[in-house]
Structure formats: C-alpha cells, structure tokens
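The values are calculated or read from the model by the stated rules, or taken from the named source; none is laboratory data. Bear in mind the structure is a predicted one, so any value in this text is a computation, not a measurement. For neighbour counting, all protein chains shown are included, and Cβ atoms are generated from backbone atoms with ideal geometry for every residue, glycine included.
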Amino acid sequence: MTRRGSPRLAGYAVVAAVGLLAALALRRPELAAAAAPFALVLALGTRLARDPRVAVEVELGAERVLEGDEVEALLRLRSAAPVDRLELLLELPLGIAADGDARAVRLAAGEPREVPFALRCTRWGVFDVGAVSLRARDRFRLVVWDGHVEAARRLKAYPTPITVRRILAPLETQAFTGSEVARVKGDGIEYADIRDFRPGDRVRSINWRATARRHALVVNERHPERNTDVVLFLDSFADVRREDTSVLEQAVRAAAAIATRYLARRDRVGLVSFGGVLRWLQPGMGATQRYRLIETMLETGVEPTYTWRDVNVIPARILPPKALVVGLTPLVDLRYVHALEDLRARGFDLAVVEVDPVPLVEPGRRPLEALAYRVWLLEREVLRSRLQALGIALGRWGDGELEATLEEVRTYRRYAKLARA
Amino acid sequence: MCLGGLVVLPLVRADDSDVRAVGARVAALALLALLAALVLGWSPLVPVALLLAGGLYGAQLAIDDAPLDAAAPVVAAALLVAAELAYWSLEERERIPGDPGSSLGRAALVAGIGAAALVVSALLLALVDVVSARGLAFDLVGAAAAAAALAAVVLAARSVGRSG
C-alpha cells in the first residue's frame, strides 16, 4: 500500500510552525502554548502510525445468476496492524450495481473481518468482480495508506428468460426422432393420408372403415415426429445502446429464449455469432448444450472491425443442410445483411427477427438531423423489402412481445409457402 | 462553533474600537474560510481559518500588551478541536457508511485530544509563568527550540511522504 500524509498533516504542520514563529516574533508565549498541541499531535501521530498490510479475499455467493438477481460478495479482511478506519470501495464493472459499493470498517491487528456487499446484475454478461480500492487511516488520521487489490472472481449473469410458447417450424426435418411433425410420411402418430395396402404393411395400420367402403385393403399413412436443426445467427457487428438497454442485449435474450424452447423439444441448436469476432457452436441437444449456448452468448460483444466478412468464414459443419437459420439482427450493418442474402442464395431456410433499434434512436432536434433520421427510416424500409423479396421471413421486435414477432414470421412463411406452391 | 467562540474572545477583550473593527473583519474572514473549506471540500482552507483565528488572538494580546493570558489553554484546545472537527467533516463528505458506533468513538477521541491539548497548553503556560526570566539567552533558547520543533515536524512529514 502507498503511504502518504493526509491534508490534516500538512495543515497541522503549518499551524504549528506559524504559531511557534509568531510566538517568537510577538514575544507571546500564549501562541506557543496554542501551537504546541498541534506539534504534539503531529509527533505522536507520525510516531504511532504503522503500515496496516491488509489482506483481502473476495468470495461470491454464486458463480451463475440470472439477470436482475442479487448475489452477495463477501470481503474477508485481515490486517497485520490495527487500522482505525479502513475504507473499502468495490470497483464494479458496468452491468453490476450495488446499493452501497463503499464501506468503512475498523480492524484490530490480526482480527479477521467479513464485510458483505449485496450486488445486483443489471444486465447479462460475464463479469470480473473483486477489484477493491482500499484506504486505511491511522488513529490520528495523519497518515493515509492507499491500495488496490485485484481479487477477481468471475460472475456469469444469464439473460432473463422470455416466455416463448410457439416457435418457428423449419421447412425440413432431420432424421432423428423429435417433436416436430415431419412433412414426409412414415411411422408416427399424426394422421397424414390413406393408400392401398402393399405387402409388408403392418396389419395395425389398416384403416378398416376405408377398407369396407372400397372393398380393398387400405392403410393409414402418418407423419413421423422428427427433430430439427436450428442455427441461431446472431449479428454482433454493431450495437445500438441507450441508457440501460441495447439491441445486442435484447438479441441475446431472444436467442437464449428461442434456444431453450427448441432444446426442450429435443431439437439440435447451434450458434453463430457473426461480427468482428466470429464465434460458433456446433448444433447439439440437451441441457449441456443449453448452457454451452448461453455461455457462448454471454461472451458476445461488439468488436469493431472494418474488414469485410461473408459466410465463407463460417465452418460448413456449423450450418448443416436442412437447418433452420434464425437471424437476430438490428439490420444496421450491411455486412450482416449481405450474409443473410448469401445464406438465402445458398438455399438455407432462413427467418429473421429484427431487433428494432428505432425506439433507441433520438430523431434529433435540428431540421437536418430530423431529415437524416427520416432518410434512415426509409433506408431501413427499403432493406426490409429487399430481404422479403428474396423470400426471407422477417419480423420486427421492438417494445412488444417476442411471441408476436415470431407469429409475424410464421405468418409470412405460411403465405410464402402458398405463393411458392 | 469552536472557531466562532475563539474569534469572539479577542473582539470582546479588545480595548480599542478600531482594533475591534479590524478584528471583526478578520474574524469574519476566518469563519468564511472555514465555511468555504467545508462547503467546497477544499482542505487547504482549514489551516487558513485556524491561522486567522489564532493570529487575531495573538494580535489582540500583542496590541493590548496583556499579561500572561490564563485563557490560552482554552484557546489552544478550541483551535485543535475546531481543526479536528473540520477535517472530520471533510472526511465524511464521501459518505462511506462505517461500523455502528464508530462516530461516537471518534467524537470521544476528539474530546480526548481537546482535553490533552488543554492540559499540555496549561502545563506550558505554568512553566512560562515559573521561568519568567527574560534576556537574549532565553530568546536564543526559545528560537532554537522552535526551530528544533519545526525540523522535527518536517522530518516526520517527510518520513510519512515516503512509500510504506
């Protein structure tokens, strides 16, 4: 810890010095008597001041919490010498808040002391908590020791779950058993059609009513239940932030909700975070995959880059054939828009949730700013139309519910199918 | 309040009305300096306020050529307590919550420091009263003692300034 004199030290020294000199000059011993206690406090204070050598350990109540939850950070303190006042300031990263991030305690020599701090995660993310600034003062408050301790502990705040009841059905399913009713016919529960009996058909699949009417054996055909591959395609090129919310934060919340819902129905879910840094996770299923996905999303941030990126940089195994690609984007960076067009051109089943940045952008007061804002809005409309013209289902998600946006995308895909048919 | 009482004492005692008028201005300046230090959180103004108050007291004694003042220990204690309270207020500007009862302990310590200042100052005055000799030799001894005290203070401050 760095030792320095407090303002009191300089002040008392000045008062004592001037008092003694004035006593000599004016030949008034009263002034020396008035200055003497200041000099005495200085002498005693500086003599008795001992380097505190404070040891600090930080312990978190939990390593993983949900966004908005509280977690206790416990500071364990021990000092080699007594400290009359030890001021602790917990340096919190953006996204972690505390009702009181500073506390002052008194420490006896060798006495262990625990100081709890109640922290609250205001947003999702991975945070390093545990940087503590220390300021110790001696009994006479003449000497101050400043120090900084980096006892970082990692805290992961998962995004708040968003309720999603219905999700997007992919155009094609995979070969494994799942919850999605496939378009193809085979063994399953959902009734599909009837057809004439063929050798090898099971007796239990005979539709006896239809057989009686047609006077020939007729069997039921059914849709098998299959799983699907879903790839969440997250735009991390740019973020639009205002106060305590941002489109990237919303996009990650939505991605986490969608992934959770798909994984609950035994679908395989993968992730591509497409931006300055490319992050991906191969499609997989189960609870482990859910945690892997969310933890990969937590690391997502905007890394500025001016290099052009296209979908060629994404490994082929990350985008399996027949996979439904769900894009989550504010439609701000053209590199991501081109990647969407590219994926569509390669025949991927593509749906886009546009995390609307418009509510976060101020139109501006001056006429030129207002004009620029209107032009920007028009450009966004043009961009949307261009994507929809390519057959990409697009839903805008602003202040409303994600469910409604997914319904918008579903409706578009239903009518697009009709148009194709 | 300590400093207020302190600056009122020489004004009440002063015989000359002109001295009283000038003294009132100095007293007001001392109080203003302390107020500014507390409001603005600027600690260098605290010794300025103390020096103005102490200077007013010393000037009144010198101008009136008063005999050895028995109230000097009270003045010393009041000055020190005013300084302690002023610096304590400045430390508390950061509003860092402390242990329960810590303020009470600190107040007791300030009171103790005040009482100790009263005793030390009284002892010094008593010593001066007993050794009432005057002359060049005593002046030289006094100057040497003052210089030694200042040197000790400077050395102490320098040792504090080094990294621990």
For this session: Have a look at A:69, A:51 and point out the one that is within 12 Å of another protein chain (Cβ to nearest Cβ) and surrounded by fewer than 19 Cβ atoms within 10 Å (Cβ to Cβ).
Result: A:51
Problem set entry | Test for residue B:117: is it in a loop (DSSP other than H, G, I, E, B), hydrophobic (A, V, I, L, M, F, W, C) and closer than 20 Å to residue A:28 by Cβ | no
For this session: Would you please name the residue that is surrounded by the most Cβ atoms within 10 Å (Cβ to Cβ), looking only at residues in the stretch A:176-204 that are touching a residue at least 40 places away in the same chain (Cβ under 8 Å) and out of contact with any Lys or Arg (no Cβ under 7 Å at 6 or more places or on another chain)?
Result: A:181
Exercise. Pick from A:404, A:323: which is surrounded by fewer than 18 Cβ atoms within 10 Å (Cβ to Cβ), within 27 Å of residue A:261 (Cα to Cα) and among the hydrophobic types (A, V, I, L, M, F, W, C)?
Worked result: A:404
For this session: Assess whether residue B:88 counts as being under 21 Å from residue A:140 (Cβ atoms), more than 7 Å from every other protein chain (Cβ to nearest Cβ) and among the aromatic types (Phe, Trp, Tyr).
Result: yes
For this session: Looking only at the stretch A:215-234, decide whether some residue is more than 26 Å from residue A:171 (Cβ to Cβ), out of contact with any Phe, Trp or Tyr (no Cβ under 8 Å at 6 or more places or on another chain) and not polar (S, T, N, Q).
Result: yes
Seminar exercise, completed: Of the candidates B:80, B:34, the one satisfying the condition of being crowded, with 22+ Cβ neighbours inside 10 Å, at the interface with another protein chain (Cβ under 10 Å from one of its Cβ atoms), aliphatic (A, V, I, L, M) and under 15 Å from the mean Cα position of the chain (by Cα) is B:80
Exercise. Which strands (runs of 3 or more DSSP E) does the stretch A:137-256 wholly contain that include 1 or more residues that are within 30 Å of residue A:106 (Cα to Cα) and among the hydrophobic types (A, V, I, L, M, F, W, C)?
Worked result: A:143-158
For this session: Read through the list (1) crowded, with 17+ Cβ neighbours inside 10 Å; (2) under 26 Å from residue A:124 (Cα atoms), then give the number of the only condition that residue A:340 fails.
Result: (2)
Problem set entry | Scan of the stretch A:13-48 for residues that are facing another protein chain (nearest Cβ under 7 Å) and touching a residue at least 40 places away in the same chain (Cβ under 8 Å), ordered by number | A:41, A:42, A:46
Problem set entry | Any hit, the stretch B:22-31, residues being free of Cβ contacts under 8 Å to residues at least 60 places away in the same chain, in the same structural domain as residue B:123 (by TED's automatic domain parsing) and either of a type outside the set (A, V, I, L, M, F, W, C) or not in a helix (DSSP H, G or I) (or both) | yes
Exercise. Only one residue in A:73, A:104, A:81 is part of a strand (DSSP E or B) and within 30 Å of residue B:107 (Cβ to Cβ), so which one is that?
Worked result: A:104
Exercise. How many residues does the stretch A:19-48 hold that are in a helix (DSSP H, G or I) and surrounded by fewer than 19 Cβ atoms within 10 Å (Cβ to Cβ)?
Worked result: 8
Problem set entry | Of all residues making up the stretch B:45-60, the number that are touching a Pro at 6+ places or on another chain (Cβ under 8 Å), modelled with pLDDT under 90 and within 9 Å of chain A (Cβ to nearest Cβ) | 2
For this session: Would you point out the residue of the stretch A:246-279, among those that are under 17 Å from residue A:125 (Cα atoms) and either among the basic types (Lys, Arg) or more than 15 Å from the chain's Cα centre (by Cα) (or both), that is surrounded by the fewest Cβ atoms within 10 Å (Cβ to Cβ)?
Result: A:277
